[in-house]
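The values are calculated or read from the model by the stated rules, or taken from the named source; none is laboratory data. Quick caveat: nothing in here was measured; it's all calculated off a predicted structure. Positions of Cβ are generated from backbone atoms using ideal geometry, with glycine treated the same way; all protein chains shown enter the neighbour counts.
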């Protein structure tokens, strides 16, 4: 499979033109592309029976301009209020602008946009300039019962801010609400506005001596794959996790305090790192997904930026069972945690062998000789973060554990470096695949170690029951008591219905297997119909009680988010009565 | 001050007789005593002007038997129900039994009991035998609007379960609800009933190969000073912290899932170690202090029991500023955290010099020669937990940081070992001191590093404004962003009023300085009047909303806990209208 291709497919190779439907679903920077390499292309051809000829005839590229054809139905009086509050230049009712702030990076979004299906658009996009303007808007919206959606970075994969209730305002936090409010080097905390984009925050922290007049460089340590199109606010309200979470923790472990504007007033949490004064209100608000109020500012703990201490490692295990057992032993060893820590199941490992050019390399020859078999062997990779000797000790201990399980050390093969190189750019691949009718999507869940084998087996069995469907799985966020399981499925599909059948079936399989329905993507409107079944009615009741308290008029991200006010279609686990037929 | 005493005070030296008032406030085991050593005795004589003669004439020892003089006012029909549900042998209405389950280890409790003031007794003590019996009792109590209090281990210092509303039932969880429900060695979790006592749980875990048929020994790592008289349920509902929390975390970091019986039904949280499915319900329920429902079972993560890896350390700093800066640097160094990590302020250090016999020792001579001055120098002590090389690296890094700040290494002087020896027995000292009219009490709070100097200074200034009052302060639970401050005050006092004036004044000073009003003691009824001022009305409103949801008839730990339904006297920050006069 790994032989060099003797042709180059006709990948779309230009900057995506502005104003087009394609630009609405194009990942992150419009100018950037990343094509499948020859190994991956050959694999797709083999698996899906795609020919060289077909790879020269892409399907719909959706390069049409989004015309200004859907008039905003916002009340002119509301529009006047918004223009007076935020300045006319910060209020837009254009179809393109509204579509760009109503969709995210979910597969259903991309499928609809490729088909030029525009539904559930907000009526007006407003870019508030301050916390105070948001207070005024929420107060006005509450008085007039206007739905309010919030756009952060644009990478929701759960239809997080899709304006399913008509007549809404969408607040674009990215434009102005992106400033540093405070930096406290004694406490190692930074306070920023919620629309601060991920890369901007990291740039500021990593250059703290100049940007913040600090004594040294810092990092938040939060690097989700969506990094390039994500905001601080989005991370928090969805309980996101970065790829380095095994050392740095999920976002809920990084947040020190928060400030929300809710319909019943300002809600601010306390800055002390621990307290015994009732429930932990930070953990009450995080996960609210915009349904309780609008996060305007957050204070994070920051860590020392010490990339020079990274120790990279990678190992190959003979089978999935050993890989899981070794990973668990690492997490329970009490010598500190690695930072990035990814363990791929056999099918993902086989695909990575091609993607990272290990197949047919010297390392591959050795692996074969030592009895590491295709569709059995499993790759572990990662690196450390923290103080130098701390990092070195973790590396030593991981080596010892992996050897005990008969793993083959691949660290010399630069696997981790290759993974690292692609970590934020891989999402670009999706456009190319979709241009040829191949869908790639992901779903993830949380499990205990003892649940893991069964959840993996059952979800995988469901996906593989569909002909010609790739199901790659990895563990990417680990804890002493469990981990996440991240499923990537790749299939050739023609209709939205086909895609939804697969997605809904996987959600069903995850729920039935007893896993937590989301580890870090959040719930949004997509996963909402499965939430109550998973967490139980008593917990759902508490979400409803909090919602009723903070937002009695149901104006905050309404229309099915977190399963709060689902339409009949949504409750029946259908996406849209109209479009699903 | 450190010269040997040439006499032995007439400390009460017998086992405390059962059934007496003294037995109600005696710390933990009735047979055990621990007297102030000569250094501490001499210091108390010097500070409070107590003579040798006075030390031979103790005050009221409260050795009277608690007569069965306060009839239970429980409705006989309720009593019948309880006897039928739990068995007659598990239902008691005796005055002594009721008093023993209504008071804890707070100073106000001890002061009242020494004066034979019995107020706020529950009407009946019931010892349920199962989760199901608790479900039945809560359902019955809710139907009949009967207040329900819950007794765990008996060490509340905040009047946590004092039956301030009359006509109540108290559930004694200690008698039967103390079993292991499940142990999962793959996930490293243990599920126990909420009445399991701290020492019992640790005994089971540390002997896991025999008690649980496990492959190795484990620990929870939760060792509060109240260890000997504390329960799993008490730890959780108050958000407690053990003395090893800098490595192991507070109890809220150890809990994986919980099950509560509330008036509106069973509330169970999910076992996955992380999720993105709305608010974190474990963190909503913890801190409820029994006002939302009754915790019946909890699942904890457990760690490897490896006491052989402890590395003990102790250092003396020239001043409080350096000690704080070095501690902060340790916590922000990203090489892992020490387990026990205590830093004493100058006044506490001076007293520890006597208590641990460092004063006038060889070490003291060296310290004096190197310019470490009384009422300036500060002691840091601690030890590590975790894997061996991980521990050694932490010890090395701490040494490096302490040297940078000019600290003197005292590790040779066995200071940490002496501290460790007394860590669970020091509370016994209180009885001896009180026998001679000397009160010793504590209050604690949470601060950020940048708040710490001001909070310390202001609270201390308030305490020292009272003549002849010792104010010892230490940091005992550290985080990268802050720590707790633990204040111990010792004073000669004659009346309850004097004590309350000091206690209330300190709470006032903590609140004004902007610290969190409790780091790990919880709020109870004692600290409740200051809660809303500290966390703010919007947060207090959420506590009220949760209360209204879970307990619409206000039967769960009612009467001022968490500031929910305070009496006029309590709201005015008085303990009792009747007794305060």
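In the set B:129, B:159, B:216, which member is at pLDDT 95 or above and closer than 20 Å to residue B:285 by Cα? Can you show your working first?
Numbers: B:129 fails: closer than 20 Å to residue B:285 by Cα; B:216 fails: closer than 20 Å to residue B:285 by Cα.
None of the others qualify; the one that does is B:159.
Pairs under 8 Å by beta carbon, first residue over 22 Å from residue B:305 (Cα atoms) and more than 10 Å from every other protein chain (Cβ to nearest Cβ) in the range B:330-342, partner modelled with pLDDT of 95 or more and buried (at least 22 other Cβ atoms within 10 Å of the Cβ), six or more apart or different chains?
That search, which allows pairs on different chains as well, returns B:330/B:337; B:330/B:338; B:330/B:341; B:330/B:398; B:330/B:478.
Can you say whether residue B:159 is part of a loop (DSSP other than H, G, I, E, B), on the phi > 0 side of the Ramachandran plot and within 24 Å of the chain's Cα centre (by Cα), as far as the supplied structure shows?
Criteria met by residue B:159.
Can you report the number of residues in the range A:487-513 which are within 13 Å of another protein chain (Cβ to nearest Cβ) and within 30 Å of residue A:556 (Cα to Cα)?
Total satisfying the criteria: 3.
For the range B:387-396, which positions are closer than 16 Å to residue A:394 by Cα, part of a helix (DSSP H, G or I) and touching a residue at least 24 places away in the same chain (Cβ under 8 Å)?
Passing the criteria: B:388, B:390, B:391, B:392, B:393, B:394.
Only residues that are within 17 Å of residue A:427 (Cβ to Cβ) and either in contact with a strand residue (DSSP E or B) (Cβ under 9 Å, 6 or more places away or on another chain) or not in a helix (DSSP H, G or I) (or both): list them for the range A:20-43, please.
Within the range A:20-43, A:26, A:27, A:28, A:29, A:30, A:31, A:32, A:33, A:34, A:35, A:36, A:37 meet the criteria.
Being at pLDDT below 95 and within 28 Å of residue B:146 (Cβ to Cβ) narrows it down to one residue among B:548, B:570; which is it?
Just one listed residue meets the conditions, B:570.
Considering only the range A:353-394, state which residues are closer than 19 Å to residue A:326 by Cα and within 14 Å of another protein chain (Cβ to nearest Cβ).
A:384, A:391, A:392, A:393, A:394
Pick from B:496, B:555: which is farther than 20 Å from residue B:471 by Cα, touching a helix residue (DSSP H, G or I) at 6+ places or on another chain (Cβ under 6 Å) and in contact (Cβ under 8 Å) with a residue 24 or more places away in the chain?
Unique residue meeting the criteria: B:555.
Can you name the residue in the range B:547-564 that is closer than 20 Å to residue A:540 by Cα and surrounded by fewer than 23 Cβ atoms within 10 Å (Cβ to Cβ) and, of all such residues, is nearest to the chain's Cα centre (by Cα)?
Ranking the candidates gives B:547 first.
Among the residues of the range B:44-60, write down those that are in contact with a strand residue (DSSP E or B) (Cβ under 9 Å, 6 or more places away or on another chain) and either within 16 Å of residue B:10 (Cβ to Cβ) or assigned to a helix (DSSP H, G or I) (or both). Give the derivation first.
Kept after step one, since they are in contact with a strand residue (DSSP E or B) (Cβ under 9 Å, 6 or more places away or on another chain), are these residues of the range B:44-60: B:44, B:47-50.
Residues satisfying the conditions are B:44, B:47, B:48, B:50.
What number of residues in the range B:6-43 are under 30 Å from residue B:360 (Cα atoms) and without any contact (Cβ under 8 Å) to a residue 24 or more places away in the chain?
3
Scan the range A:96-118 and tell me whether some residue there is more than 24 Å from residue A:554 (Cβ to Cβ), out of contact with any helix residue (DSSP H, G or I) (no Cβ under 8 Å at 6 or more places or on another chain) and outside any helix (DSSP H, G or I).
No: zero hits.
Looking for whichever is under 31 Å from the mean Cα position of the chain (by Cα) and more than 28 Å from residue B:229 (Cβ to Cβ) here; the options are B:59, B:49, B:94, B:104. Which one fits?
Criteria check complete, one pass: B:49.
Is it the case that the range B:476-486 has a residue that's part of a helix (DSSP H, G or I) and at pLDDT 95 or above? Spell out the reasoning first.
First pass over the range B:476-486, keeping only residues part of a helix (DSSP H, G or I): none.
No - not one qualifying residue is present in the range B:476-486.
So which of A:304, A:310 ends up being away from chain B (no Cβ under 12 Å) and surrounded by fewer than 24 Cβ atoms within 10 Å (Cβ to Cβ)?
Answer to the selection: A:310.
Kindly provide the set of residues from the range B:411-466 that are farther than 26 Å from residue B:310 by Cβ, in a loop (DSSP other than H, G, I, E, B) and away from chain A (no Cβ under 14 Å), ordered by number.
Answer for the range B:411-466, where residues must be farther than 26 Å from residue B:310 by Cβ, in a loop (DSSP other than H, G, I, E, B) and away from chain A (no Cβ under 14 Å): B:436, B:437, B:465, B:466.
Kindly check whether there is at least one residue in the range B:369-380 that is closer than 22 Å to residue A:303 by Cα and either outside the structural domain of residue B:241 (by TED's automatic domain parsing) or in a loop (DSSP other than H, G, I, E, B) (or both).
Looking for residues that are closer than 22 Å to residue A:303 by Cα and either outside the structural domain of residue B:241 (by TED's automatic domain parsing) or in a loop (DSSP other than H, G, I, E, B) (or both), one finds none in the range B:369-380, hence no.
May I ask you to list pairs of residues, at least six apart or on different chains, whose Cβ atoms are under 9 Å apart, with the first in the range A:363-378 being without any contact (Cβ under 8 Å) to a residue 12 or more places away in the chain and at negative phi and the second being buried (at least 20 other Cβ atoms within 10 Å of the Cβ) and in a helix (DSSP H, G or I)?
A:364/A:353
Please indicate, with yes or no, whether at least one residue in the range B:92-105 is within 30 Å of residue B:43 (Cα to Cα), at pLDDT 95 or above and outside the structural domain of residue B:194 (by TED's automatic domain parsing).
Looking only at the range B:92-105, we keep the residues that are within 30 Å of residue B:43 (Cα to Cα), and these are B:104-105.
So of that shortlist, the ones also at pLDDT 95 or above come out as B:104-105.
In the following step, the residues that additionally are outside the structural domain of residue B:194 (by TED's automatic domain parsing) were identified as B:104-105.
Within the range B:92-105, one or more residues are within 30 Å of residue B:43 (Cα to Cα), at pLDDT 95 or above and outside the structural domain of residue B:194 (by TED's automatic domain parsing).
Any residue in the range A:473-488 that is in contact with a helix residue (DSSP H, G or I) (Cβ under 9 Å, 6 or more places away or on another chain) and free of Cβ contacts under 8 Å to residues at least 24 places away in the same chain?
Scanning the range A:473-488, I find no residue that is in contact with a helix residue (DSSP H, G or I) (Cβ under 9 Å, 6 or more places away or on another chain) and free of Cβ contacts under 8 Å to residues at least 24 places away in the same chain, so the answer is no.
When you go through (1) in contact with a strand residue (DSSP E or B) (Cβ under 9 Å, 6 or more places away or on another chain); (2) within 13 Å of another protein chain (Cβ to nearest Cβ); (3) under 24 Å from residue A:466 (Cα atoms) one by one for residue A:530, which number turns out not to apply?
Every condition holds for residue A:530 apart from (1).
Inside the range B:397-410, can you point out the residues that are within 14 Å of chain A (Cβ to nearest Cβ) and either in a strand (DSSP E or B) or without any contact (Cβ under 8 Å) to a residue 60 or more places away in the chain (or both)?
Across the range B:397-410, the qualifying residue is only B:400.
Taking the condition more than 10 Å from chain A (Cβ to nearest Cβ), within 25 Å of residue A:240 (Cα to Cα) and crowded, with 22+ Cβ neighbours inside 10 Å, does residue B:272 pass?
no
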